[in-house]
């Protein structure tokens, strides 16, 4: 059974982020950006789609990323797709994409792009 989630109608829960419906290159997108300076490196920040159940299947998503202009030089712009998120948001399964690693000249960082 295929299910498509319409992010323009979904209930979204934000943690240290904000979201807006906009367009990039004429395509409608949900733009998610951190809204707070986080000083701890492992602080979760995300936009969660509420009211969905996911057991097994395929998650397909198109993503774009760029670093904000005021981030530290060590920032990597991680994009995470999290699923099977526990009720307290303290446990989840996830897949990370690191676009700045994938586009850099450093071979050590490039092999850690996904």
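For residue 92, indicate whether it is touching a strand residue (DSSP E or B) at 6+ places or on another chain (Cβ under 7 Å), within 17 Å of residue 13 (Cα to Cα), without any contact (Cβ under 8 Å) to a residue 24 or more places away in the chain and surrounded by 14 or more Cβ atoms within 10 Å (Cβ to Cβ).
Yes, satisfied.
Any residue in region 4-26 that's free of Cβ contacts under 8 Å to residues at least 24 places away in the same chain and at negative phi: show its pairings with residues that are surrounded by fewer than 10 Cβ atoms within 10 Å (Cβ to Cβ) and part of a loop (DSSP other than H, G, I, E, B) at Cβ separation under 7 Å, as long as the two are six or more apart or on different chains.
21/8
Looking only at residues in region 33-57 that are surrounded by 10 or more Cβ atoms within 10 Å (Cβ to Cβ) and over 16 Å from residue 87 (Cα atoms), which one is modelled with the lowest pLDDT?
Taking the candidates together, the pick is 38.
Is it true that some residue in region 19-32 is modelled with pLDDT of 75 or more, surrounded by fewer than 14 Cβ atoms within 10 Å (Cβ to Cβ), assigned to a loop (DSSP other than H, G, I, E, B) and out of contact with any strand residue (DSSP E or B) (no Cβ under 9 Å at 6 or more places or on another chain)?
Yes.
State all residues of region 62-89 that are at pLDDT 80 or above, in contact with a strand residue (DSSP E or B) (Cβ under 9 Å, 6 or more places away or on another chain) and loosely packed, with under 10 Cβ neighbours inside 10 Å; if no residue qualifies, say none.
Scanning region 62-89 gives a single hit, 62.
Could you list, in sequence order, the residues of region 84-100 that are touching a helix residue (DSSP H, G or I) at 6+ places or on another chain (Cβ under 9 Å) and part of a loop (DSSP other than H, G, I, E, B)?
98
If residue 44 satisfies all but one of (1) outside any strand (DSSP E or B); (2) within 27 Å of residue 3 (Cβ to Cβ); (3) free of Cβ contacts under 8 Å to residues at least 40 places away in the same chain; (4) touching a strand residue (DSSP E or B) at 6+ places or on another chain (Cβ under 9 Å), what's the number of the condition it fails?
Unmet for residue 44, out of (1) outside any strand (DSSP E or B); (2) within 27 Å of residue 3 (Cβ to Cβ); (3) free of Cβ contacts under 8 Å to residues at least 40 places away in the same chain; (4) touching a strand residue (DSSP E or B) at 6+ places or on another chain (Cβ under 9 Å): (3).
The values are calculated or read from the model by the stated rules, or taken from the named source; none is laboratory data. This is a predicted model, so every value here is computed, not measured. Don't worry about glycine lacking a Cβ; one is built from the backbone with ideal geometry, like all the others, and counts go over all protein chains shown.
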